[in-house]
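> I'd like to ask you about the structure that follows.
The values are calculated or read from the model by the stated rules, or taken from the named source; none is laboratory data. Computed from a prediction, not measured in an experiment: that's the story for all the values here. As a convention, Cβ positions derive from the backbone with ideal geometry for all residues, glycine included, and neighbour counts pool all protein chains shown.
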Ligand code: 8YV
């Protein structure tokens, strides 16, 4: 029997690529010189798309595949998949929730600690001899006992909160409704009011058209010159122009970002700012989590082609 033909939008580690190539005929879009002509040539044979959270599948890609049945996302976020186009054509969509939650929360906490205690500059202070030449490193800001806000108390936001509780922080959160699973934390539906009471504002919202730039000028300035914004969700949740302006004028103290508009290219103004910690979208990037994500991506593809229920459907 011939193998189902799939379109692979981005690369995967060897441990996933091998089993993918064994079970499917994978057309590797990311290796093509010209995406349009590659899609034109192979689109008609594609039955599933295997993509990554940040790459998704837009309507051009979906339209180029008239016999498409499934889009399997390697990532929890599926905001880059055109769900409307999928709905119209009855195309199923899956993601990889849960398996990455802890690592994403861990990185958010690490970013908060790293930035608040000035660890990047402190490392440089040791390596470039400043410690010996100039003495003590400038004093930094405390984390424990301060006020944290979590914008979006889903799976990842909840794990962030659990970790923050270990630092004796006062925790508040915004979401569509109060969460029964977080009885000890303060529910504040208005993001601006949340920001006003946050020394550290974590952005952990699933991105959608409705959350675009939810962290705008008002929220950013409400966090204030002594506060920090940590984004481990999607860049679109923050108005980057407003963020850069606030970091430049110091009306926002600092930021720690794992995601950027247009990544991996990012707004070059970020590189000039001393008060932002920049990370290369690797919150889920541990061997353990990526192995589990790859397994789940493949489990969804396999289940679909064997006619079994999808393990983690979105649509
Ligand atoms: C990426 C992510 O998918 O889970 C998500 O939504 O954005 C990440 O885990 C990861 O970088 C793999 O592409």
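> Which count do you get for residues in the stretch 1-26 that are within 23 Å of the chain's Cα centre (by Cα) and without any contact (Cβ under 8 Å) to a residue 24 or more places away in the chain? Write out each step before concluding.
Step one: filter the stretch 1-26 for residues within 23 Å of the chain's Cα centre (by Cα), giving 7-17.
Those left that are additionally without any contact (Cβ under 8 Å) to a residue 24 or more places away in the chain: 11, 14, 17.
Total satisfying the criteria: 3.
> So, one more: Hey, among the residues in the stretch 62-75 that are within 13 Å of the ligand (Cβ to nearest atom) and touching a helix residue (DSSP H, G or I) at 6+ places or on another chain (Cβ under 6 Å), which one's nearest to residue 90 (Cα to Cα)? Let's see the steps before the verdict.
Filtering the stretch 62-75 for residues within 13 Å of the ligand (Cβ to nearest atom) gives 72-75.
Add one more test, that the residue is touching a helix residue (DSSP H, G or I) at 6+ places or on another chain (Cβ under 6 Å), and what stays is 72, 74.
Values: 72: 14, 74: 20 Å.
This residue is 72.
> I've got another one for you. Collect the residues in the stretch 37-61 that are part of a helix (DSSP H, G or I) and either within 16 Å of the ligand (Cβ to nearest atom) or under 22 Å from residue 263 (Cβ atoms) (or both), keeping them in residue-number order.
As a first pass, look at the stretch 37-61 and keep what is part of a helix (DSSP H, G or I): 37-45, 59-61.
Of everything in the stretch 37-61, those that are part of a helix (DSSP H, G or I) and either within 16 Å of the ligand (Cβ to nearest atom) or under 22 Å from residue 263 (Cβ atoms) (or both) turn out to be 59, 60, 61.
> Also: Got at least one residue in the stretch 167-180 being within 25 Å of residue 278 (Cα to Cα) and surrounded by fewer than 18 Cβ atoms within 10 Å (Cβ to Cβ)?
Yes, because at least one residue in the stretch 167-180 is within 25 Å of residue 278 (Cα to Cα) and surrounded by fewer than 18 Cβ atoms within 10 Å (Cβ to Cβ).
> At least 3 residues that are touching a helix residue (DSSP H, G or I) at 6+ places or on another chain (Cβ under 9 Å), closer than 30 Å to residue 26 by Cβ and not assigned by TED's automatic domain parsing to the domain that holds residue 115 in each: list the helices (runs of 4 or more DSSP H) lying fully within the stretch 200-315 that qualify. Can you show your working first?
Numbers: elements: 217-223, 240-249, 269-272, 287-305.
Counting at least 3 such residues, we get 287-305.
> Can you pull out every residue in the stretch 269-295 that is away from the ligand (no atom under 11 Å from the Cβ) and more than 24 Å from residue 110 (Cα to Cα)?
295
> On to the next question. If I ask for residues that are closer than 25 Å to residue 15 by Cα and more than 14 Å from the ligand (Cβ to nearest atom), which ones from the stretch 93-123 would you list?
Filtering the stretch 93-123 down to residues closer than 25 Å to residue 15 by Cα leaves 93-107.
Passing the criteria: none in range.
> If you scan the stretch 125-158, which residues turn out to be surrounded by 13 or more Cβ atoms within 10 Å (Cβ to Cβ) and in a helix (DSSP H, G or I)?
Initial filter on the stretch 125-158 (surrounded by 13 or more Cβ atoms within 10 Å (Cβ to Cβ)): 125, 130-131, 137, 140-141, 143, 146-158.
Listed by number, the residues that qualify are 125, 130, 131, 155, 156, 157, 158.
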